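All remarks here apply to the structure that follows.
The values are calculated or read from the model by the stated rules, or taken from the named source; none is laboratory data. For clarity, every value in this text was computed on a predicted model and none was experimentally measured. Here the Cβ positions follow ideal geometry from the backbone for every residue, glycine too, while neighbour counts run over all protein chains shown. All accessible areas refer to the heavy atoms of the entire protein, side chains included, with ligands and DNA or RNA removed. Shrake-Rupley method; radii C 1.70, N 1.55, O 1.52, S 1.80 Å.
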Amino acid sequence: MSRLHRHQGTGRRKSNGSARYLLAMSAAIAGSPAVQAQAAASGAQATGNSDSRIEEIVVTAQFRAQNLQRTPLAITAVSSEMMDARSQDNIGDVAARAPGVTFAPAGGGLGGSEAVAVNIRGVGQQDFNLALEPGVALYIDDVYYGTAYGSMLDLVDVNRVEILRGPQGTLAGKNSLRGAIKLYSQLPDGNGGGYVQATVGNFGRREVKAATEFTLVPDTLFVRLGGIAQQQDGYVTRYDYQCHTGNAPAAFVLGPQPADRFVPGSQVAGGNGGCVLGKEGGRDVLALRGLISFQPNERVSDTLILDYYDNDAEGVPTVLREQGATIPWFGNGGSVAANFVTPPGSYYNYSTYAGLTGTPWQYQNPAAQSVRQWGISNILDIELTDALSLKSISSVRDLTFQSVADGDASPLSILMNLWNVDYRQYTQELRLNGSFGSRLDWTVGGFYFRSSSTQGGRISLDGVPHGGVPGIFGPGVDTFDFLFAEPIEVRNKSVFAHIELHATDELTLTGGVRYTDDSKEFAYGRSLPPGYPGFPSTDGSVLATDNLNSSFQGDRWDWRFTASYQFTDNVNVYGQVSTGFKGGGVNPRPYTAAQALNGEFTPETVTSYELGLKSDLFDRRMRLNAAAYFNRQKNIVQTLFNCPGIDPVAPFPCAAPANVGSADIKGGEIEVELHPVDGMLIDGSLSYVDFQYQDIDPATFLRLSDKPPYTPEWKLALGAQYEFELAGMGTLTPRVDYQYQSHQYSIAKNEQTSKIPAYGLLNFRLTYRDPTDLWEAALSVTNVTDKYYPLTINDQTLANQNQLYDFLTWSPAPPRQWAITIKRIF
């Protein structure tokens, strides 16, 4: 076997474990033990016949282990080895390369966080608020993650990632309107071993990753432990404005400056040589994962999984691109206060993270964000008979989170958000898998989800033109500052059924149905900070929402029907009709009582029609998978920043989710893997999305020509690698990856200011393996051409109907980064 396929991410040499153990571990992956020993032995892959043959990939998207090429779904399956080859360090790196999938920092100007917004085939969710639902479901070891907070997960001892595109309402259930992303951990295989690797790179990157496994009781009790510790400095620098430019920030900035205004040793007056306040974009991560597998006999397997994640990060990287000629940027008789815009292509800003700047009530926020979460899950498999098995998936997860976003990236406090979150969820899923002979496989089950959380913090929207008491921007402009504390309760119950009828040896008919009952309870708590008097013209409207309550309750039937035909051993064609939904809810950010009381929105729904081809060609040297789809989407939910349809008296400030209309979405995806000669691999993907609104609520200010956020029309990914034999001295494998995506927009109302330009990225990796396959060394470079582009744009300009601020910020992507990694396998 070629080294290209020899390593499967387990970090150890392979040996034959006991058949009894493999049978049990197969049950831990999915629910039908008799047919899944191969899946347990190889994780996401099974070995091919020779160096030039493409591997068989085993996935579990339909509740049992199946060959990817015979599963009637659009799935991207990525092994741990391929993630390493592509220098993919987190789930965002993996998903961003998949066709039709985009990842972006969630929140924009709504608070910024370590959460991410995931879009598949044109639909997702950009807001991280706990009252809202993601449009793409995230699972780790079959446990559903119910929040976007902390979802930019590092890949800790992961075996494979499965990305399911298209509605998964009957398979993945809750909030899988556009698809699902599933991570699966490496399972202990009874053979011992492990690995340790160390990485250093620019921006002070220091990282150690390791995993090991051992047997406590032979053939019965096994343990696997994995973890990562990573530190890296930020790539956006915060400078003190006056020190860096020699200019005063503004005549109206009064009062004491923050105590930590200067970093010791950096007080350089004027010029660009110092004046550093801090950095943005840095990380300090510790993540641990442990698995204990217990197999008392051949029919019972139980796996306990414990995980812990801790990230003390710097603030969200932000640069100010535009500041407009409206109230917040002018004052004192109409003269320009100061210019805080940094040059194009720069990685610095003048953020201070101070609130109520220049007033007697000025306060200091930490320039940081942090997330700590832990989870315990248990997967129990019982083979009741040779044709009947029961699977139980139980979990509890707990998360605490804090984030501060200096939204205007300036010394002023025009848009400042502090968020604190305490979140806990419980899930329980039961599946009963069975077969009637060789012609019918079936699954029935139930799912329960409950989350209890509190989100709170402090919101500053200073400089609101209400004509009241003079504020920091001069006469006629007030401050706007309040505390919030909001408990949220979410409940979800569902039952489901799935059948596969093998009508002939070539034709398989699949059907599924799921009933879901969903409910939310939301309580608004608003108050003034201690010592801050507030202003009736601004803070008074927000305080009017205190002690108000909102709720949502709904139920839904989803269904799926698929027909697939195996024309040859290596060519499969399928057709599918399926439905999905994203839960409804309430407006979590009302600035008036009317915005709270009128802020309920209904579930977003989709009906999808899909045709697909899966093929292994040229003696399995080439794999070509393709899908074409047409989706009819209704009650589309977007965030509005001007909402006269909700509150015609006070339509702004506003940040309300609302049903805006319906749309037709059509598109196609192609994935290809090619092995032209031994040792060479070429892989690629291409996707096209055509989104067209069919009707729009005129009160939303959207247009039929608008596209949803983070939906590029085209995406392309190409990669190539070749393994060179070094005459008995090991191997050297260079790999090049290229990714391209066309332009997209960061908000629902498309303007040039919110347009993220098209860009292409080039990555490179060079890997050396010694003759024993025990040592590896790799040099990786991401963003080789040092492309400057935004991950997301916070558009608060007049073009976005924002009549308060008129500014534009970017969250720039990391510049060129390099890393050197040494790995020892044992």
task: Answer yes if at least one residue in the range 581-598 is within 30 Å of L716 (Cβ to Cβ) and either of a type outside the set (D, E) or open to solvent by 10 Å² or more (accessible area, probe 1.4 Å) (or both), and no otherwise.
output: yes
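If you check A758, A748, A777, which single one turns out to be over 26 Å from the mean Cα position of the chain (by Cα), more than 25 Å from P676 (Cα to Cα) and in contact (Cβ under 8 Å) with a residue 40 or more places away in the chain?
Numbers: A758 fails: over 26 Å from the mean Cα position of the chain (by Cα); A748 fails: over 26 Å from the mean Cα position of the chain (by Cα).
After applying the criteria, what remains is A777.
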field: Hits in the range 433-449 - residues which are closer than 16 Å to V495 by Cβ and open to solvent by 50 Å² or more (accessible area, probe 1.4 Å)
entry: V444, Y448
- prompt: How many residues, within the range 315-334, are of a type outside the set (A, V, I, L, M, F, W, C), open to solvent by less than 50 Å² (accessible area, probe 1.4 Å) and at pLDDT 50 or above?
  reply: 6
task: Go through (1) in a strand (DSSP E or B); (2) of a type in the set (A, V, I, L, M, F, W, C); (3) in contact with a Phe, Trp or Tyr (Cβ under 6 Å, 6 or more places away or on another chain) one by one and return the number of the condition W361 breaks.
output: (1)
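Being open to solvent by less than 10 Å² (accessible area, probe 1.4 Å) and not hydroxyl-bearing (S, T, Y) is the filter; apply it to the range 602-613 and report the residue that is farthest from I120 (Cα to Cα). Spell out how you get there, then give the answer.
If we filter the range 602-613 for residues that are open to solvent by less than 10 Å² (accessible area, probe 1.4 Å), which is where we start, we get 604, 606, 608, 610, 612.
Still in the list and also not hydroxyl-bearing (S, T, Y): 604, 606, 610, 612.
Details: E604: 15, V606: 13, E610: 15, G612: 17 Å.
If we take residues in the range 602-613 being open to solvent by less than 10 Å² (accessible area, probe 1.4 Å) and not hydroxyl-bearing (S, T, Y), then G612 is farthest from I120 (Cα to Cα).
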- prompt: So, in the range 688-729, of the ones that are within 27 Å of E669 (Cβ to Cβ) and among the basic types (K, R), which residue ends up surrounded by the most Cβ atoms within 10 Å (Cβ to Cβ)?
  reply: K715
- request: Consider only pairs whose beta carbons are under 7 Å apart and that are at least six residues apart or on different chains; among these, list those whose first residue lies in the range 780-797 and is at positive phi and whose second residue is basic (K, R).
  value: N783/R816; D786/R816
- prompt: In the list F496, F480, which residue meets the criterion of being open to solvent by less than 50 Å² (accessible area, probe 1.4 Å), modelled with pLDDT of 55 or more and closer than 28 Å to E133 by Cβ?
  reply: F496
- prompt: Is it fair to say R261 is modelled with pLDDT of 90 or more and out of contact with any helix residue (DSSP H, G or I) (no Cβ under 8 Å at 6 or more places or on another chain)?
  reply: no
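Take L461 and decide whether it is open to solvent by less than 10 Å² (accessible area, probe 1.4 Å) and over 25 Å from the mean Cα position of the chain (by Cα).
On the way: open to solvent by less than 10 Å² (accessible area, probe 1.4 Å): yes; over 25 Å from the mean Cα position of the chain (by Cα): yes.
Yes.
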field: Where a residue in the range 533-545 is surrounded by fewer than 23 Cβ atoms within 10 Å (Cβ to Cβ) and its partner, wherever it lies, is at pLDDT below 75, with Cβ under 6 Å and at least six apart
entry: F535/G468; F535/V469; F535/D478; S537/H466; S537/G468; S537/D478
- line: (1) open to solvent by 20 Å² or more (accessible area, probe 1.4 Å); (2) over 19 Å from E671 (Cα atoms) all hold for V571 apart from (2)
field: Single residue of Q369, Q373, Q402, Q425 found to be among the polar types (S, T, N, Q), open to solvent by 50 Å² or more (accessible area, probe 1.4 Å) and in contact with a strand residue (DSSP E or B) (Cβ under 6 Å, 6 or more places away or on another chain)
entry: Q402
- request: Determine if the range 508-522 includes at least one residue that is closer than 19 Å to N67 by Cβ and either among the charged types (D, E, K, R) or open to solvent by 20 Å² or more (accessible area, probe 1.4 Å) (or both).
  value: yes
message: Need pairs with beta-carbon distance below 6 Å; first residue within 22 Å of A813 (Cα to Cα) and in a strand (DSSP E or B) and within the range 213-238, second hydrophobic (A, V, I, L, M, F, W, C) and open to solvent by 50 Å² or more (accessible area, probe 1.4 Å); sequence gap 6+ or separate chains.
response: Q232/F203
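For every residue, the table says whether it meets (1) in contact with a strand residue (DSSP E or B) (Cβ under 8 Å, 6 or more places away or on another chain); (2) of a type in the set (A, V, I, L, M).
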site: F561; (1), (2): yes, no
site: G584; (1), (2): yes, no
site: A594; (1), (2): no, yes
site: R632; (1), (2): yes, no
site: C643; (1), (2): yes, no
site: A655; (1), (2): yes, yes
site: V660; (1), (2): yes, yes
site: I665; (1), (2): yes, yes
- prompt: So which of A596, A650, A656 is farther than 24 Å from S742 by Cβ, of a type in the set (A, V, I, L, M) and touching a Gly at 6+ places or on another chain (Cβ under 7 Å)?
  reply: A656
query: Quick one: how many residues across the range 614-644 are modelled with pLDDT under 90 and either surrounded by 18 or more Cβ atoms within 10 Å (Cβ to Cβ) or of a type in the set (S, T, Y) (or both)?
result: 7
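Look through L681, L702, L686 and report the one residue that is at pLDDT below 95 and assigned to a strand (DSSP E or B).
It is L681.
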field: From L130, L187, residue being modelled with pLDDT of 75 or more, among the aliphatic types (A, V, I, L, M) and touching a helix residue (DSSP H, G or I) at 6+ places or on another chain (Cβ under 6 Å)
entry: L187
- prompt: Of Q796, Q803, Q817, which residue is surrounded by 15 or more Cβ atoms within 10 Å (Cβ to Cβ) and at pLDDT 95 or above?
  reply: Q817
query: Can D381 be described as open to solvent by 10 Å² or more (accessible area, probe 1.4 Å) and part of a strand (DSSP E or B)?
result: no
